[in-house]
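See structure below.
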Amino acid sequence: MLGYKEASCKHQGFTLVPMDLPPDIKKLDLSYNRLTRLDSNGFLRYKYLEYLLIDNNDIRWLHTTAFSSLSFLRHLSLSRNYLNVSESYPQGVFEPLNNLSVLDISRNMKSQDYNPYKIPVSGLSNLRELSIDLVFNATFGQQFKKLHNLQVLKLDYCHVNHLNNETFSEMPVNIREFHMTTCKYFVVIEGGVLIPFPHLKVLNLTNSNIHLAQALNILHPFQNKSMDALLFRGITRPDSKHSIDPVILTPEMMKYTYTICIKAMDLSANNIILVKNKSLVLFQRPECFETIIISANSFSVDSWEVDFVLFSFKMTNLKIIDFSYFPLGFKNPTFLNVITKDNVTRVEKVQGKWARQHNSMTVLIPSQLQYFRITHMMTEGSFLELKAKDSFLRHLELSYFETDFFPRINMEGFNSLEHLDLSGISSEKTIGDAKIPFLIHLKTLILRETNLINVLQTNTTILRFCPNIMNLDISNNYIWKIKANSLGQLHNLKQLNLSHNLLETIPEVVTTFFSLDELDLSYNQLTTIGKNILEWIDNMHNKHGTFKLYLSNNPLICSCDTTKFLRWILTTKVELDNNGNYSCWVSSRKSINYTTNVAEDLHHYFVDCDNTVWIKVGISLLVSVLSSVLCIALLYNFRWRIMFFLFRNFRRFAEKGLELQFDYDVYISYSDDCVSFVKELQEKVEDEWGFKVCFEDRDFMIGESIAMVRATSINRCRHIIFLVTPSIVKNEWTRFEIERAKYEKFSKNLQKIVVITRDIPLDTIPIEFSTIWKDVLLIQWPVEMDEVQFAWQKLRLWFF
């Protein structure tokens, strides 16, 4: 703003108000310093101040003229100090502040001692918002009665255990918002405690230990009136001392609430175990509701589902309904924060569940609904279709939704959907089954913990339905490889989250996203970043003027081979997390250090790197000459044997011509009940036939991801043998290997798939073989010795 100056002096260690700042500043922040008192005329130099913040200091005393000359001040905050409501505020200290509209002196009272309020606020005629601590046996003085313009009262650091009908009798009657949100100990409340506030519009008791029954009982002064918000989240807690029982909601308990015209009501996390006699559908003014939140309770929907669905059609202005975290108690649930400002109610984070029509398989989303969320729900059945027609829906979240099957999403007419979150649901049920419509306006897509690796292994382009997304989150999906065309052409993609996966290198596909300016690769298996990727990152930074790269918690290596990457960390202008300082394994020292330390002293850590290069070049040349001479001699002396060898191994040379390379001839997939047969098979195939075998008990590396090891091993083998025995039905890894074999066969990397059955009928063979059965070579292993020999010959003939 032109001409607007502010000074942020936080964390400077000041013990006095600084006197060397520009005199025309309008905002001064002295929070997190070491001020112990505010002396006379301390702000005389800054007479144009409008905002003054002195939070989190050690202030215990104010001089009478501490705020003299601050006649323009509108906002004063002294929160989190040691100002006593009885002793620290001298008469007249606030007298110069005749334009003050916001005063925050909360979180100063650290104890439960009785302290009468002696705060001279009577002169603050324009004060509209007051934040103050609620002390034990609170008694407010007549000076508060003179705050005729006060509309918002926030009571913090709640030390009371009893509120009687006279507690707030000396408060002004014009208060519209009452907030009391930090009462940790159980508070007994008399029924007429809110009678002094006849114009109240917002009642916020969130997380105060009150019990829902008391909160509903104190609403009787507001019968047949209108209120913007009743916020009663988490006010019922187990308390053996006061015999606090779970809540059984009844019409008698809700009788005062029924008559009020309510815009937003939050009853979440109140240990409601039963809703009796239609207690949630007897409101006389349903058209008033815009937000209803009932999440994280424990009652069953069976007893009131039909009534609530019918009642929902009467709530013609409903925008948000939250019915999440049911029926169990979930850890760390996310709640909505309802905020009322200038008589307008809104929410910061939207979550909710629209109740489905009873015995209906299609759920219609009301066209006026803008935010729709079903999260952390468990149900035996579900609806087949979620349908929106000419909808204003912008935010749709169906995350961690445990059900028998996932509904198809259907958008008819125009749609404005910008945010879609399908986290925690298998991508094979959503993207794999094509249950997501074309969403031209979608900007954010979140697919955390969806087993996306299973869909990425197919040859399909999985994100065709959202070509214009700008933010993509596919973290926590065990991704170790991304094919070139699997994500599609995302020309507008700006933020890509690939964290918490199994990537050993940065996929080349990211270089096709020309609008990308933020890439999260933290918590993967990266050891370094190659030259081409580094150049691409720098080019993207130069193109967009910014680029953010996250690399923390990767097993980086600091060695001669990674010096280019280490130098790049020091010189790049790209914004790196942890300021570019990551832990790495220093190969020359056999220890862990930090990339910044190593990069700043490369010569010290890798003094032999250059010498090693020349030694390697010399040795390579010498070996090349000797090898050439030896090869020529061998070719001449054994020319006929070599020709015969070439004839017998024509297939392997043909494979090399096709650029196919294998480390093993055969991969063996088996279960625990055929380990002895694997040993017999290994001796036959390797010792007698000369083939190289790969199997789990001998060839798998310890310490690596088991899924990655299995996938890599199959990729490195020419053929695969499945030993199908009775225990294969319970072996999940065999199903993984079957899926991997399908992929390698379709990619033309895997030549032969052999299935050997032992002690198992053919009709019990896993159904996963069905899609590749035409490519399977089947041997039903016999019992008789003569037939066994024939089976061995048959197997050898197939491999030869």
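The values are calculated or read from the model by the stated rules, or taken from the named source; none is laboratory data. Keep in mind that what you see is a predicted model, and the values were worked out from it rather than measured. Using ideal geometry, Cβ is built from the backbone for each residue, glycine included, and neighbour counts are taken over all protein chains shown. For the accessible areas, the whole protein counts, side chains as well, though only heavy atoms, and no ligand, DNA or RNA atoms are used. Shrake-Rupley method; radii C 1.70, N 1.55, O 1.52, S 1.80 Å.
Amide H contacts under 5 Å for V188: H162, L163, restricted to partners 5 or more places along the chain or on a different chain, H placed in the peptide plane at 1.01 Å from N. Computed from phi, the 3J(HN,Hα) profile of region 752-765 under the Karplus parametrisation 6.51, -1.76, 1.60 (θ = phi - 60°) reads 9, 10, 10, 10, 10, 9, 9, 6, 8, x, 5, 6, 9, 5 Hz, with x in place of Gly and Pro. What angle, in degrees between 0 and 90 and rounded to the nearest 10, separates the Cα long axis of helix 785-799 from the longest principal axis of the Cα atoms of the chain? Rounded to the nearest ten degrees, it is 80. Under 5 Å from the amide H of I244 lie the amide H atoms of D239, each residue being 5 or more positions distant or on a separate chain, with H modelled from the backbone and absent for Pro and chain starts.
For region 136-245, run through the trypsin sites (Lys or Arg not before Pro) and keep only the ones in DSSP coil with at most 12 other Cβ atoms within 10 Å of their Cβ.
K184, K241
So for the chain: antiparallel DSSP bridges make up what percent, rounded to the nearest 5? For the chain, the DSSP antiparallel bridge percentage is about 10. Computed from label points 7 Å out along Cα-Cβ, the spacing between D58 and N161 is 3.2 nm. Which entries in K255/K278; K201/K319; K443/K531; K110/K184 show an alpha-carbon gap greater than 23 Å? As for pairs spanning more than 23 Å Cα to Cα, those are K443/K531.
The shape of region 167-253 can be summarised by an equivalent ellipsoid whose semi-axes, obtained from the alpha carbon gyration tensor, come to 22, 15, 12 Å from longest to shortest. For the chain, leaving out every one of the GluC sites (Glu not before Pro) that falls in a DSSP loop and has at most 11 other Cβ atoms within 10 Å, the longest unbroken run is 381-658.
Placing a label point 7 Å from the Cα of M470 along the Cα-to-Cβ direction, the residues of region 511-528 whose backbone N falls under 18 Å of that point are 513-520. Net charge dipole, region 394-530: roughly 320 debye, given to the nearest 20, about the Cα centre with Cβ charges of +1 for Lys and Arg and -1 for Asp and Glu.
Under 18 Å of direct C-alpha separation, and excluding same-chain neighbours fewer than eight residues apart, K263 reaches these aspartates and glutamates: E177, D228, E287, E290, D322, D342, E348.
For the chain, with all protein chains in place and a probe radius of 1.4 Å, 52% of the accessible heavy-atom surface sits on carbon or sulfur.
Could you compute the FRET efficiency for L630 and S770, with r as their C-beta to C-beta distance and R0 at 41 Å, rounded to 0.05?
Calculated value: 0.20.
Computed from the C-beta positions of K679 and N539 and an R0 of 60 Å, the FRET efficiency is 0.65 to the nearest 0.05. Rounded to the nearest 0.05, the FRET efficiency derived from the C-beta distance between N99 and T334 at R0 = 25 Å is 0.05. The per residue volume of the convex hull around the alpha-carbon atoms of region 134-287 is 98 Å³. At 7 Å along Cα-to-Cβ for each site, give me the label-to-label distance between K548 and D245 in nm. Between K548 and D245, the label points sit 5.1 nm apart. Applied to region 182-197, the Karplus parametrisation 6.51 cos²θ - 1.76 cosθ + 1.60 on θ = phi - 60° returns per-residue 3J(HN,Hα) values of 10, 7, 7, 9, 4, 10, 8, 10, 7, x, x, 5, 9, 4, x, 10 Hz, with x for Gly and Pro. Looking at the chain, the accessible area is 49 square angstrom per residue; that uses a 1.4 Å probe and ignores ligands, DNA and RNA.
Only one residue of V783, S391, T181 has its Cα farthest out toward the positive end of the dipole of the chain, where Lys and Arg carry +1 and Asp and Glu -1 on Cβ, and that residue is S391. Counting each DSSP H run of 4 or more residues in the chain as -39500 (n - 2.57), what helix-only mean residue ellipticity at 222 nm follows after dividing by all residues, to the nearest 500 deg cm²/dmol? So the calculated ellipticity at 222 nm is -5500 deg cm²/dmol.
May I ask you to list the chymotrypsin sites (Phe, Trp or Tyr not before Pro) in region 3-56 that are in a DSSP loop and have at most 11 other Cβ atoms within 10 Å of their Cβ?
Hits after loop and neighbour filter: Y4.
Could you tell me which of T734, P766, Q751 has its Cα farthest along the dipole of region 719-776 towards the positive end, charges placed at Cβ (Lys, Arg +1; Asp, Glu -1), taken about the Cα centre? Going by the Cα projections, it comes out as Q751. Angle of helix 639-648 to the longest C-alpha principal axis of the chain, folded into 0 to 90 degrees and rounded to 10: 60°. If you wrap the Cα atoms of the chain in a convex hull and average its projected area over all directions, you get 46.9 nm². Note that region 539-548 has calculated 3J(HN,Hα) couplings of 5, 5, 5, 5, 6, 9, x, 7, 7, 10 Hz, one per residue in order, obtained from phi through the Karplus relation 6.51 cos²θ - 1.76 cosθ + 1.60 (θ = phi - 60°); glycine and proline are x.
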